[in-house]
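Undergrad: Before I ask anything, let me first share the structure, which is written out below as C-alpha coordinates.
The values are calculated or read from the model by the stated rules, or taken from the named source; none is laboratory data. Computed from a predicted structure; not experimentally measured. Note: ideal-geometry Cβ built from the backbone for every residue, glycine included; neighbour counts use all protein chains shown. Note: accessible area is taken over every heavy atom of the protein model, side chains too, but ligands, DNA and RNA are not part of it. Shrake-Rupley method; radii C 1.70, N 1.55, O 1.52, S 1.80 Å.
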Amino acid sequence: MISSTPTWQWQNWNNLPYLTCSLLKDWQHGFFTQQFYPQTPEVLTEILKPDTRAYRVKQVHGNRVLTPGEIIQTETEADGIISDRPHQSVWVASADCTPLLIADRKTGRVGSLHAGWRGTAKGIAPVALERFLSLGSRLEDLYCVMGPAIAGAVYQVTETVAAEIGSSLKEIPQTDSPREVLTALERINHSPLHPDPTPGRVRIDVRQVNYLQLRQAGIDPEQIAIAPYCTYQESEHFFSFRRTKEKKVQWSGIVSPLNCC
(Lines give C-alpha, C1' and ligand atoms only; values in the text may rest on other atoms or scores of the structure.)
Protein backbone atom coordinates (compact mmCIF):
# COMPACT_ATOMS: atom_id res chain seq x y z
CA MET A 1 0.00 0.00 0.00
CA ILE A 2 2.83 2.40 0.91
CA SER A 3 6.16 2.40 -0.91
CA SER A 4 8.33 4.16 1.66
CA THR A 5 8.65 4.90 5.36
CA PRO A 6 6.53 7.91 6.43
CA THR A 7 8.48 11.12 6.93
CA TRP A 8 7.75 14.27 8.90
CA GLN A 9 8.08 17.77 7.52
CA TRP A 10 8.25 21.16 9.21
CA GLN A 11 5.96 23.64 7.49
CA ASN A 12 5.99 27.40 7.94
CA TRP A 13 3.18 29.92 8.11
CA ASN A 14 4.08 33.55 8.82
CA ASN A 15 7.36 32.29 10.35
CA LEU A 16 5.46 29.94 12.67
CA PRO A 17 6.25 26.19 12.49
CA TYR A 18 3.89 23.25 12.31
CA LEU A 19 4.28 19.58 11.39
CA THR A 20 2.87 17.42 8.62
CA CYS A 21 3.37 13.73 7.83
CA SER A 22 3.91 12.18 4.39
CA LEU A 23 1.40 9.45 5.21
CA LEU A 24 -1.29 12.15 5.09
CA LYS A 25 0.10 13.97 2.06
CA ASP A 26 -3.24 13.79 0.25
CA TRP A 27 -5.04 15.66 3.03
CA GLN A 28 -4.65 19.17 4.35
CA HIS A 29 -3.53 18.65 7.94
CA GLY A 30 -1.23 19.95 10.63
CA PHE A 31 0.13 19.29 14.10
CA PHE A 32 0.48 22.86 15.30
CA THR A 33 3.10 24.05 17.77
CA GLN A 34 2.87 26.27 20.82
CA GLN A 35 3.88 29.22 18.64
CA PHE A 36 0.30 29.33 17.34
CA TYR A 37 -1.21 29.68 20.83
CA PRO A 38 -3.84 30.98 21.58
CA GLN A 39 -5.25 30.68 18.05
CA THR A 40 -8.39 28.54 17.79
CA PRO A 41 -9.25 25.82 15.25
CA GLU A 42 -11.51 28.31 13.51
CA VAL A 43 -8.42 30.43 12.79
CA LEU A 44 -6.05 27.53 12.12
CA THR A 45 -8.46 26.07 9.57
CA GLU A 46 -7.81 29.13 7.42
CA ILE A 47 -4.18 28.02 7.20
CA LEU A 48 -5.07 24.50 6.08
CA LYS A 49 -8.11 25.14 3.89
CA PRO A 50 -9.90 28.51 3.84
CA ASP A 51 -13.69 28.52 3.86
CA THR A 52 -13.81 25.17 5.64
CA ARG A 53 -15.85 24.71 8.79
CA ALA A 54 -13.95 23.64 11.90
CA TYR A 55 -15.31 21.16 14.43
CA ARG A 56 -14.12 20.52 17.97
CA VAL A 57 -15.58 19.12 21.17
CA LYS A 58 -15.15 19.43 24.91
CA GLN A 59 -12.49 16.82 25.60
CA VAL A 60 -13.09 14.74 28.73
CA HIS A 61 -10.47 11.94 28.53
CA GLY A 62 -13.01 9.36 27.38
CA ASN A 63 -13.58 7.27 24.26
CA ARG A 64 -16.65 8.87 22.74
CA VAL A 65 -16.27 9.52 18.99
CA LEU A 66 -18.82 11.68 17.14
CA THR A 67 -19.51 12.99 13.66
CA PRO A 68 -19.99 16.75 13.14
CA GLY A 69 -23.69 16.09 12.68
CA GLU A 70 -23.81 14.75 16.23
CA ILE A 71 -22.03 17.73 17.76
CA ILE A 72 -24.61 20.10 19.18
CA GLN A 73 -22.13 22.77 20.23
CA THR A 74 -18.43 23.08 21.10
CA GLU A 75 -19.28 22.04 24.66
CA THR A 76 -20.46 18.60 23.49
CA GLU A 77 -18.37 16.09 25.42
CA ALA A 78 -16.27 13.66 23.37
CA ASP A 79 -12.65 12.92 22.49
CA GLY A 80 -12.90 12.11 18.82
CA ILE A 81 -14.52 13.46 15.66
CA ILE A 82 -15.00 11.73 12.29
CA SER A 83 -16.09 13.76 9.26
CA ASP A 84 -19.41 13.04 7.60
CA ARG A 85 -19.28 15.59 4.77
CA PRO A 86 -16.73 17.22 2.44
CA HIS A 87 -14.71 20.22 3.56
CA GLN A 88 -14.93 19.62 7.29
CA SER A 89 -11.89 20.15 9.49
CA VAL A 90 -11.81 18.13 12.70
CA TRP A 91 -9.60 19.14 15.61
CA VAL A 92 -8.19 17.97 18.95
CA ALA A 93 -6.13 19.79 21.57
CA SER A 94 -3.20 18.29 23.45
CA ALA A 95 -0.34 19.20 25.74
CA ASP A 96 1.25 15.76 26.45
CA CYS A 97 -1.64 13.52 25.37
CA THR A 98 -1.49 11.90 21.95
CA PRO A 99 -3.20 13.62 19.00
CA LEU A 100 -4.17 10.92 16.49
CA LEU A 101 -5.30 11.82 12.97
CA ILE A 102 -6.92 9.14 10.78
CA ALA A 103 -7.69 9.28 7.06
CA ASP A 104 -9.43 6.88 4.68
CA ARG A 105 -7.62 6.70 1.33
CA LYS A 106 -10.75 5.51 -0.51
CA THR A 107 -13.57 7.64 0.92
CA GLY A 108 -11.47 10.64 1.98
CA ARG A 109 -13.17 10.57 5.38
CA VAL A 110 -10.98 11.88 8.23
CA GLY A 111 -10.90 11.73 12.01
CA SER A 112 -9.10 13.30 14.94
CA LEU A 113 -8.67 11.72 18.36
CA HIS A 114 -7.45 12.91 21.75
CA ALA A 115 -5.77 9.84 23.25
CA GLY A 116 -4.56 10.64 26.74
CA TRP A 117 -3.80 7.82 29.12
CA ARG A 118 -7.42 7.54 30.24
CA GLY A 119 -8.78 7.54 26.72
CA THR A 120 -6.13 5.02 25.70
CA ALA A 121 -7.08 2.79 28.64
CA LYS A 122 -10.68 2.98 27.36
CA GLY A 123 -9.57 2.04 23.84
CA ILE A 124 -10.48 5.22 22.00
CA ALA A 125 -8.43 4.20 18.93
CA PRO A 126 -10.23 0.85 18.42
CA VAL A 127 -13.54 2.58 19.13
CA ALA A 128 -12.78 5.09 16.38
CA LEU A 129 -11.83 2.32 13.96
CA GLU A 130 -15.17 0.63 14.61
CA ARG A 131 -16.91 3.93 13.93
CA PHE A 132 -15.04 4.26 10.64
CA LEU A 133 -16.12 0.75 9.68
CA SER A 134 -19.74 1.52 10.53
CA LEU A 135 -19.52 4.49 8.15
CA GLY A 136 -18.30 2.32 5.29
CA SER A 137 -14.51 2.32 5.65
CA ARG A 138 -12.22 -0.70 5.41
CA LEU A 139 -9.29 -1.22 7.79
CA GLU A 140 -6.83 -1.60 4.91
CA ASP A 141 -7.69 1.92 3.69
CA LEU A 142 -7.04 3.77 6.97
CA TYR A 143 -3.90 5.77 7.72
CA CYS A 144 -3.27 6.48 11.41
CA VAL A 145 -0.81 9.22 12.39
CA MET A 146 0.16 10.10 15.97
CA GLY A 147 1.56 13.55 16.58
CA PRO A 148 3.90 14.96 19.22
CA ALA A 149 3.20 13.71 22.76
CA ILE A 150 5.12 12.92 25.92
CA ALA A 151 7.65 10.13 25.35
CA GLY A 152 7.51 6.95 27.37
CA ALA A 153 11.07 7.40 28.59
CA VAL A 154 9.99 10.45 30.64
CA TYR A 155 6.34 9.66 31.40
CA GLN A 156 6.33 8.43 35.01
CA VAL A 157 3.06 7.02 36.36
CA THR A 158 1.97 4.79 39.20
CA GLU A 159 1.93 1.04 38.66
CA THR A 160 -1.86 1.18 39.01
CA VAL A 161 -2.18 3.68 36.15
CA ALA A 162 0.22 1.73 33.96
CA ALA A 163 -1.75 -1.45 34.61
CA GLU A 164 -5.01 0.28 33.69
CA ILE A 165 -3.49 1.43 30.40
CA GLY A 166 -1.90 -1.94 29.71
CA SER A 167 -5.10 -3.85 30.37
CA SER A 168 -6.52 -2.33 27.19
CA LEU A 169 -4.36 -4.72 25.14
CA LYS A 170 -5.91 -8.02 24.15
CA GLU A 171 -3.03 -10.26 25.16
CA ILE A 172 -2.84 -8.85 28.69
CA PRO A 173 -4.73 -10.90 31.32
CA GLN A 174 -7.70 -9.18 32.93
CA THR A 175 -6.81 -9.18 36.60
CA ASP A 176 -7.08 -6.91 39.63
CA SER A 177 -3.35 -7.30 40.26
CA PRO A 178 -1.34 -4.40 38.74
CA ARG A 179 1.85 -6.39 39.19
CA GLU A 180 0.49 -9.27 37.09
CA VAL A 181 -0.51 -6.86 34.35
CA LEU A 182 2.89 -5.17 34.37
CA THR A 183 4.70 -8.51 34.27
CA ALA A 184 2.65 -9.47 31.22
CA LEU A 185 3.34 -6.09 29.61
CA GLU A 186 7.07 -6.51 30.11
CA ARG A 187 6.98 -9.79 28.20
CA ILE A 188 5.21 -8.67 25.04
CA ASN A 189 7.08 -7.66 21.89
CA HIS A 190 7.69 -3.93 21.65
CA SER A 191 6.70 -3.43 25.28
CA PRO A 192 5.56 0.11 26.12
CA LEU A 193 7.09 -0.06 29.61
CA HIS A 194 10.28 1.71 30.68
CA PRO A 195 12.03 1.20 34.03
CA ASP A 196 11.81 3.79 36.79
CA PRO A 197 13.96 3.88 39.94
CA THR A 198 11.09 5.04 42.17
CA PRO A 199 9.30 2.22 44.02
CA GLY A 200 5.71 1.79 42.87
CA ARG A 201 6.31 3.79 39.69
CA VAL A 202 7.01 2.92 36.07
CA ARG A 203 7.27 4.82 32.82
CA ILE A 204 4.97 4.01 29.95
CA ASP A 205 4.79 4.98 26.29
CA VAL A 206 1.13 5.80 25.64
CA ARG A 207 1.70 6.20 21.91
CA GLN A 208 3.17 2.70 21.82
CA VAL A 209 0.05 1.34 23.53
CA ASN A 210 -2.08 3.05 20.88
CA TYR A 211 0.16 1.54 18.21
CA LEU A 212 -0.35 -1.93 19.68
CA GLN A 213 -4.11 -1.36 19.89
CA LEU A 214 -4.18 -0.37 16.22
CA ARG A 215 -2.16 -3.43 15.27
CA GLN A 216 -4.46 -5.71 17.25
CA ALA A 217 -7.44 -4.16 15.49
CA GLY A 218 -6.00 -5.08 12.10
CA ILE A 219 -4.04 -2.00 10.99
CA ASP A 220 -0.71 -2.86 9.32
CA PRO A 221 2.53 -1.16 10.47
CA GLU A 222 2.83 0.59 7.08
CA GLN A 223 -0.45 2.36 7.80
CA ILE A 224 0.82 3.91 11.06
CA ALA A 225 3.20 6.80 11.73
CA ILE A 226 4.42 8.19 15.06
CA ALA A 227 6.01 11.62 15.35
CA PRO A 228 9.60 11.54 16.66
CA TYR A 229 8.92 14.48 18.98
CA CYS A 230 8.33 14.68 22.73
CA THR A 231 6.24 17.51 24.14
CA TYR A 232 7.94 17.25 27.55
CA GLN A 233 11.52 17.33 26.29
CA GLU A 234 11.16 19.79 23.43
CA SER A 235 10.06 23.00 25.09
CA GLU A 236 11.02 25.10 22.06
CA HIS A 237 8.00 23.89 20.11
CA PHE A 238 5.50 22.27 22.47
CA PHE A 239 3.50 22.92 25.59
CA SER A 240 3.70 20.21 28.23
CA PHE A 241 1.38 20.17 31.21
CA ARG A 242 3.69 17.68 32.93
CA ARG A 243 6.59 20.10 32.51
CA THR A 244 5.00 23.47 33.39
CA LYS A 245 1.53 22.71 34.90
CA GLU A 246 0.12 25.40 32.59
CA LYS A 247 -3.25 24.74 30.98
CA LYS A 248 -2.14 25.58 27.46
CA VAL A 249 -2.55 23.43 24.39
CA GLN A 250 -1.48 22.92 20.82
CA TRP A 251 -4.05 21.93 18.19
CA SER A 252 -3.96 19.18 15.58
CA GLY A 253 -6.40 19.03 12.68
CA ILE A 254 -7.20 17.47 9.32
CA VAL A 255 -9.58 18.44 6.51
CA SER A 256 -11.93 16.16 4.56
CA PRO A 257 -11.60 16.70 0.78
CA LEU A 258 -14.28 17.69 -1.72
CA ASN A 259 -14.82 14.05 -2.74
CA CYS A 260 -15.18 12.87 0.85
CA CYS A 261 -17.69 10.44 2.27
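Undergrad: With +1 on each Lys and Arg Cβ and -1 on each Asp and Glu Cβ, how big is the dipole of region 67-126 about its Cα centre, in debye rounded to the nearest 20?
TA: Using only the charged Cβ atoms, the result is roughly 300 debye.
Undergrad: Suppose every Lys and Arg Cβ carries +1 and every Asp and Glu Cβ carries -1, with no other charges. What dipole size does the chain come out with about its Cα centre, to the nearest 20 debye?
TA: That gives a dipole near 180 debye.
Undergrad: Sum up the charges of everything whose Cβ sits under 15 Å from the Cβ of residue 26, counting Lys and Arg as +1 and Asp and Glu as -1, but leave residue 26 out.
TA: So the environment of residue 26 carries a net charge of +3.
Undergrad: For a 20 Å ceiling on Cα separation, which of these pairs sit above it: 58/122; 25/49; 122/170; 25/248?
TA: Over 20 Å apart, Cα to Cα: 25/248.
Undergrad: Next question, about the same structure. Looking at [x] 57, 40, 28; [y] 53, 40, 39; [z] 48, 47, 36, which value of Cα extents along the principal axes in Å comes from a calculation on the structure shown?
TA: For Cα extents along the principal axes in Å, the calculated option is [y].
Undergrad: For the chain, give the percent of accessible area contributed by carbon and sulfur heavy atoms, probe 1.4 Å, rounded to a whole number.
TA: 47
Undergrad: Estimate the FRET efficiency between residue 73 and residue 138 by the formula 1/(1 + (r/R0)^6), using the beta-carbon distance for r and 30 Å for R0, to the nearest 0.05.
TA: According to the calculation, E is roughly 0.40.
Undergrad: Can I ask one more? How much length, in nm to one decimal, is gained on full extension between residue 234 and residue 175, taken as 0.36 nm per residue of separation minus their Cα-Cα distance?
TA: Length gained between residue 234 and residue 175: 17.6 nm.
Undergrad: With every protein chain kept in place and ligands, DNA and RNA left out, what is the accessible area per residue of the chain? Probe 1.4 Å, answer in Å².
TA: 45
Undergrad: Let me ask something else about it. From the helices alone, meaning DSSP H stretches of at least four residues, give me the mean residue ellipticity at 222 nm for the chain, per-run term -39500 (n - 2.57), in deg cm²/dmol to the nearest 500.
TA: Computed ellipticity for the chain at 222 nm equals -6000 deg cm²/dmol.
Undergrad: Residue by residue, what Karplus-based ³J(HN,Hα) values in Hz, rounded to whole numbers, does region 130-142 have, using 6.51, -1.76 and 1.60 with θ = phi - 60° and x for Gly and Pro?
TA: 4, 5, 4, 4, 5, 9, x, 7, 10, 4, 5, 9, 9
Undergrad: At 0.36 nm per residue, minus the direct Cα-Cα distance, what do residue 167 and residue 215 gain on full extension? Give it in nm, one decimal, please.
TA: Answer, rounded to one decimal: 15.7 nm.
Undergrad: Which value in nm describes the separation of the simple spin-label points at residue 4 and residue 242, placed 7 Å from the Cα toward the beta carbon?
TA: 3.2
Undergrad: Kindly identify region 191-258 as rounded, prolate or oblate by the Cα gyration tensor criterion: order the square roots of the eigenvalues as a ≥ b ≥ c, call it rounded if a/c is under 1.5, otherwise compare a/b with b/c, prolate if a/b is larger, else oblate.
TA: It comes out oblate by the Cα gyration axes.
Undergrad: Still on this model: I need the Debye-formula profile for region 30-132: one equal scatterer per C-alpha, no solvent, reported as log10 I(q)/I(0) at q = 0.19, 0.23, 0.24 1/Å, two decimals.
TA: These q points yield log10 I(q)/I(0) values of -0.93, -1.35, -1.44.
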